[in-house]
1. Which length gain, in nm to one decimal place, applies between ALA92 and THR26 when the Cα-Cα distance is subtracted from 0.36 nm times their residue separation?
2. Going by average Cβ neighbours within 10 Å, how do the peptides 30-42, 117-129, 2-14 rank, with the highest at the top?
3. Just order 51-60, 20-29, 94-103 by mean Cβ neighbour count inside 10 Å, highest at the front, would you?
4. Could you work out the local net charge near PRO112, counting Lys and Arg as +1, Asp and Glu as -1, over the other residues with Cβ closer than 14 Å to its Cβ?
5. Tell me what the chain gives for mean residue ellipticity at 222 nm when only DSSP H runs of n ≥ 4 count, each as -39,500 (n - 2.57), the sum divided by the residue total, rounded to 500 deg cm²/dmol.
6. Provide the packing ranking of 150-161, 78-89, i.e. peptides ordered by the mean count of other C-beta atoms within 10 Å per residue, highest first.
7. Between ASP12 and SER122, what length comes free when the chain is fully extended (0.36 nm per residue of separation minus the Cα-Cα distance, one decimal in nm)?
8. Averaged over every viewing direction, what's the projected area of the C-alpha convex hull for the stretch 1-50? Give it in nm², one decimal, please.
Amino acid sequence: MHLIDLLHFLFDSPIDLTRCRVGLQTKVPRKGGVEVKVDDHAFVSGLLEDGPSFTLTASKATRPEHTGFTLALSGSRGDLVHHSQDGPVLHARTGVDWEPVKVLGPGRLADPAGEVPGWADSFVDQLHAWAGAVTGSRPPASVADFDTGYRAQRVLEELLRGGGRV
């Protein structure tokens with residue numbers, strides 16, 4: 001869901017649900033002697049209505065160097081890849097060579113291994129935004145609203161409904 005939100009935020013383009021492929025897998029069927037009943041590896045690939053193709057991957061059951069979240073986009077002007085283990089760096093290519101692009105400054109709190117960069121600080125930022133909104137001392141600058149969350153939830157529901165399942 002967070003990666004779908006990120007696509008919407010970065011590109012302000014709807015996802016073409018008719019051209020998506022979805023894969024949900026349970027790669028670790030038992031943990032601690034108990035049957036696992038949730039997926040631990042998922043991917044969605046498809047197109048945004050405005051053009052770029054994308055692949056989203058979230059996995060907690062793969063080789064340690066691949067565990068986490070991956071966002072990969074390819075468009076007519078270049079490519080963009082980010083893996084949560086790369087921290088606040090994404091990789092962009094507009095020609096032949098890939099260039100690292102730092103997207104966040106130093107964090108106040110350490111993120112857990114494999115989490116999206118800034119994950120730990122996001123909770124602190126959220127609390128400050130809520131407190132400022134309640135007291136009126138700091139109105140929210142740009143906060144996701146109900147419609148934003150509902151938009152991503154509708155995409156997720158349609159993808160899970162079975163369209164394009166592999």
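Bear in mind these aren't lab numbers, they're just calculated from the coordinates by the rules spelled out. None of these values were measured; they are calculated from a predicted model. Neighbour counts run over all protein chains shown; Cβ positions are idealised from the backbone, glycine included.
1. Working it through step by step, the gained length comes to 20.6 nm.
2. Top of the packing list down: 2-14, 117-129, 30-42.
3. Going by the mean number of other Cβ atoms within 10 Å, highest first, we get 51-60, 20-29, 94-103.
4. Taking every other residue near PRO112 into account, the sum is -2.
5. Taken over the chain, the calculation gives -8000 deg cm²/dmol.
6. 78-89, 150-161
7. Stretched out fully, the ASP12 to SER122 stretch lengthens by 37.4 nm.
8. The directionally averaged projection comes out at 4.1 nm².
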